[in-house]
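What follows is a set of notes on a single structure, which appears directly below.
The values are calculated or read from the model by the stated rules, or taken from the named source; none is laboratory data. The structure presented is a predicted model; accordingly, all values stated were derived computationally and were not measured. Every residue, glycine among them, receives a Cβ derived from its backbone with ideal geometry; neighbour counts consider all protein chains shown.
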Amino acid sequence: MTDPVITLDKLAYGGDAMGRLSDGRAVFVPYGLPGEKVRIRLVHEKKNFARAELLEVLEPSPERIAAKCKHFFSPLHDTEGGGEGPGEGFCGGCHYQNLPYEAQLKAKTEILRDQLQRIGKIENPPVRPMVGCPNPWNYRNHVQFHLTEDGKLGFVSALTPGPLSSPKGAPRGRGESVMAITECHLPEKTINALWPQLEFEADAPIDRVSLRAGVDDDLMLILESVELEAPELELEAGISVVHLTENDALVMAGEDYIVVQVLERNFRVSAGSFFQVNTVMAEKMVEHLLNKLPLPVKTILDVYCGAGLFSAFLAPKCERLIGVESSPSACEDFAVNLDAFDNVELYEGAAEDVIPALVGRIGNPLHEQPIVLVDPPRSGVDKHALDGIRQLAPKVIAYVSCDPSTLARDVARLITGGYRLVEVTPFDLFPQTYHIESIAIFEK
């Protein structure tokens, strides 16, 4: 059976390019670009779509460029930087190094618009141009590595080894789908100076290794595992080291948190807490919210508030700020980061449990309609939490999204609930990758 030759039509959410097979099925091809004529090998077939491996680019896009990193897969077998073809570049950390940065921004904006149209059923979604990152390299203040079977740091492979019939990215045991790396151009420079020096035994009881960068070049090394006993490690002088398990954080050196500065305000971020990985773009998102929300206001509800990034800047703009967060470590950080404010309350618990309990206590006719800010995980806002928010009847909802597909689903629910989507502004917090952050503004 000969390998199919197709023309790729567009980039799809998830990092792949999409084309059509001769039978009309959509086929998703990693590392391809729109307009390219390519030879592919099918690796996973379903009734309505298929996934394929890119074997050869017969007619490359005029926009295609050589990748900066040698671990980025190149089907052109180029030798001028970038990957060296099959077998060399299987790293799954980046998706768009073969595309100029301005083209990446345009592509992501169109993908966001497409998701809102197809999933949210919005005919002409009010999507603004993506806000680009001033430096699309060395921007991450937090990087998570996996370990290979012999203890080397790496990232999950974009093309999982194994039978060609196996699904892309099929889950496997430790090391089997991890590619060891020798360079990465996404972490901040302080992280990049340290991680190549880290060495682990082949049988080290560690599932994942994280590095976080803070103010004054501070670094935190986080060793994640299910084992309660901390692994043995020759400690690097001057950095914090934390052994993180499901229910505990054991400090092996230094502190159990790091300090990140956003718009000249310091934030304590514990080893187990979420915080935006791109500091410069986090600042742009804060400024966007301060400019777009009708402030000052009586009450602001910050759902999935985390360590308090947005709350810290919104608290001075309202009489009462209520945070809702389920992570215990993030709640501890929030309490420290918002300690200077007397008008702040925090509820620790799942949004779907807390929000319904607040109905009738805020947002009733005796009070000014609140502003609600949500910053959910990739799964989007829980349905019961969203129903509770609609019962609160906020005059404005700001939705910070890291997944356009779940945003589109929730947009449709909010529109059905009587809200108008005013605008969606994407922010490129993750250059070189398919990930899309955005802020959507709704009005009652």
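So which residues in the range 17-52 are buried (at least 22 other Cβ atoms within 10 Å of the Cβ) and either in contact (Cβ under 8 Å) with a residue 40 or more places away in the chain or among the small types (Gly, Ala, Ser) (or both), if there are any at all? ALA17, GLY19, TYR31, GLY32, LEU33, ALA52 - these are the residues of the range 17-52 that are buried (at least 22 other Cβ atoms within 10 Å of the Cβ) and either in contact (Cβ under 8 Å) with a residue 40 or more places away in the chain or among the small types (Gly, Ala, Ser) (or both). When the strands (runs of 3 or more DSSP E) confined to the range 195-276 are screened for residues that are closer than 24 Å to GLU325 by Cβ and in contact (Cβ under 8 Å) with a residue 60 or more places away in the chain, those reaching at least 3 such residues are found at 208-213, 265-270.
Does ARG25 satisfy the condition of being within 23 Å of CYS91 (Cα to Cα) and outside the structural domain of ILE436 (by TED's automatic domain parsing)? For ARG25, the condition - within 23 Å of CYS91 (Cα to Cα) and outside the structural domain of ILE436 (by TED's automatic domain parsing) - is not met.
When restricted to residues that are in a helix (DSSP H, G or I) and surrounded by 14 or more Cβ atoms within 10 Å (Cβ to Cβ), the range 111-154 contains 7. All of SER405, SER401 fail the test of being modelled with pLDDT of 95 or more, over 18 Å from ASN278 (Cα atoms) and out of contact with any Phe, Trp or Tyr (no Cβ under 6 Å at 6 or more places or on another chain), apart from SER405.
If the condition is being surrounded by fewer than 16 Cβ atoms within 10 Å (Cβ to Cβ) and closer than 19 Å to ILE119 by Cβ, then the range 423-444 contributes only GLU423. Going through VAL354, VAL381, VAL374 one at a time, which residue ends up being touching a residue at least 24 places away in the same chain (Cβ under 8 Å), closer than 17 Å to LYS444 by Cα and crowded, with 20+ Cβ neighbours inside 10 Å? Criteria check complete, one pass: VAL374. Assess whether SER311 counts as being assigned to a loop (DSSP other than H, G, I, E, B) and closer than 27 Å to ASP428 by Cβ. In short, no. Answer yes if at least one residue in the range 396-410 is part of a helix (DSSP H, G or I), within 30 Å of PRO136 (Cβ to Cβ) and hydrophobic (A, V, I, L, M, F, W, C), and no otherwise. Looking for residues that are part of a helix (DSSP H, G or I), within 30 Å of PRO136 (Cβ to Cβ) and hydrophobic (A, V, I, L, M, F, W, C), one finds at least one in the range 396-410, hence yes.
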